[in-house]
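Quick notes on the structure that follows.
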Amino acid sequence: QVQLVESGGGLVQARGSLRLSCVASGNIVSINDMSWYRQAPGKTRVLVAAVTSGGSLRYGDSVEGRFTISRDNAKNTVYLQMNSLKPEDTAVYYCNAAAQERGINYYLLYWGQGTQVTVSS
């Protein structure tokens, strides 16, 4: 079983910064795409940023230019550097990863438990 554990959330003032981390562990053979999503109260979960195993990046419109996604393949870790935070960035942030577990010849999508980010005005 693959597990994803996020960290780095918290309370920050507007225009501040936070860095989220997500570590994948388990009997992992390889990881394809890794992504960050967020879900604000009463809203659907939306893509924040994604990075492929080859390093291609994709960002949601509302965060481009302020957030940066990166990954360390040797550590099975994905990061989200969030700068110039706004109150509307307040949400639970989830990471996910398309991972292949040893003994299984296809990829499955795994989710972390989420980490709360609150931006005060």
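Overview of results
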{"item": "Interchain or long-range residues, amide H under 5 Å from Val48's placed H", "result": "Trp36, Tyr37, Arg38"}
{"item": "DSSP-assigned coil residues among trypsin sites (Lys or Arg not before Pro) in the range 21-121, each with at most 16 further Cβ atoms within 10 Å", "result": "Lys43, Arg45, Arg66, Arg102"}
{"item": "Where the range 1-107 is the region considered: accessible area per residue in Å², 1.4 Å probe", "result": "53"}
{"item": "Fraction of accessible area attributable to carbon and sulfur, the chain (%, probe 1.4 Å)", "result": "47"}
{"item": "Quotient of Cα Rg and 2.2 N^0.38 Å for the chain, N being how many residues it contains", "result": "1.04"}
{"item": "Stokes-Einstein D (µm²/s) once Rh is taken as the Kirkwood radius of the range 1-60 over alpha-carbon pairs, at 4 °C in 1.567 mPa s", "result": "95"}
{"item": "Residue-wise HN-Hα coupling along the range 47-60, computed from phi with Karplus coefficients 6.51, -1.76, 1.60 (Hz; x: Gly, Pro)", "result": "5, 9, 6, 9, 9, 7, 5, x, x, 6, 10, 8, 10, x"}
{"item": "Rel. contact order, % - alpha carbon contacts under 8 angstrom, at least six apart, the range 1-66", "result": "22"}
{"item": "Relative contact order for the chain, counting Cα pairs under 8 Å that sit 6 or more residues apart, in percent", "result": "37"}
{"item": "Amide hydrogen neighbours beyond the local backbone of Ser30, cut-off 5 Å, H modeled", "result": "Gln100"}
{"item": "Environment charge at Asn83 (Cβ cut-off 9 Å; Lys +1, Arg +1, Asp -1, Glu -1)", "result": "+2"}
{"item": "Estimated FRET transfer efficiency (Val46, Ile104; beta-carbon r; R0 30 Å; 0.05)", "result": "0.55"}
{"item": "Charged-residue dipole, Cβ positions (Lys, Arg, Asp, Glu), the chain about Cα centre, Debye nearest 20", "result": "120"}
{"item": "Relative contact order %, the range 56-98, counting alpha carbon pairs below 8 Å whose residues are six or more apart", "result": "28"}
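The values are calculated or read from the model by the stated rules, or taken from the named source; none is laboratory data. All figures in this text were calculated on a predicted structure; none of them were measured in a lab. No Cβ is skipped: glycine too gets one built from the backbone with ideal geometry, and neighbour counts run over all protein chains shown. All accessible areas refer to the heavy atoms of the entire protein, side chains included, with ligands and DNA or RNA removed. Shrake-Rupley method; radii C 1.70, N 1.55, O 1.52, S 1.80 Å.
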